[in-house]
1. Could you list all residues from the range 38-56 that are out of contact with any helix residue (DSSP H, G or I) (no Cβ under 9 Å at 6 or more places or on another chain) and not aromatic (Phe, Trp, Tyr)?
2. Considering each residue of the range 49-66, count those that are in a strand (DSSP E or B) and over 17 Å from Val17 (Cβ atoms), and give that number.
3. Pick out the one residue from His70, His74 that is more than 28 Å from Pro98 (Cβ to Cβ) and in a helix (DSSP H, G or I).
4. Here is a list: Val60, Val38. Which entry is at pLDDT 95 or above, more than 28 Å from Leu87 (Cβ to Cβ) and crowded, with 17+ Cβ neighbours inside 10 Å?
Amino acid sequence: ADAVPYTVLINPVITLVNQEMEDGWEGCLSVPGMRGIVPRYMRLHYAGFDQYGNPIDRLVSGFHARVVQHECDHLDGVLYPMRIVNLKDFGYTDIFSPNQDVQDD
């Protein structure tokens, strides 16, 4: 997959491609030192504008789709721990990933 050259997504509109979801580990600079398993839609379409007013229109899946959902949640005041289904899957990074240099996403 090609790298996305955009650094800004203004007025994002997300449309789900289907209802298929996948659990995955997430972290965030807003919740430092923590990790949790979050269900996210696997495929989605998003549209909006870059910082120059140029349209952005992409169909994405996997990690890219997860990141878009995570970042758009911030715009709605939602942090990833609010999406964790089982709080046993939420905790300190150094407990879940001992001896690993895991950075916050």
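1. Let us first name the residues in the range 38-56 that are out of contact with any helix residue (DSSP H, G or I) (no Cβ under 9 Å at 6 or more places or on another chain), namely 45, 47-56.
Result: His45, Ala47, Gly48, Asp50, Gln51, Gly53, Asn54, Pro55, Ile56.
2. Taking the range 49-66 first, the residues in a strand (DSSP E or B) are 49, 55-61.
Within this subset, residues satisfying the condition of being over 17 Å from Val17 (Cβ atoms) are 49, 55.
Of the residues in the range 49-66, 2 are in a strand (DSSP E or B) and over 17 Å from Val17 (Cβ atoms).
3. Details: His70 fails: more than 28 Å from Pro98 (Cβ to Cβ).
Checking each option against the conditions leaves just His74.
4. Numbers: Val38 fails: more than 28 Å from Leu87 (Cβ to Cβ).
None of the other options fit; the residue is Val60.
The values are calculated or read from the model by the stated rules, or taken from the named source; none is laboratory data. Just so it is clear, the model here is predicted, and its values are computed rather than measured. Heads up, the Cβs are rebuilt from the backbone with ideal geometry, glycines too, and the neighbour counts pull from every protein chain shown.
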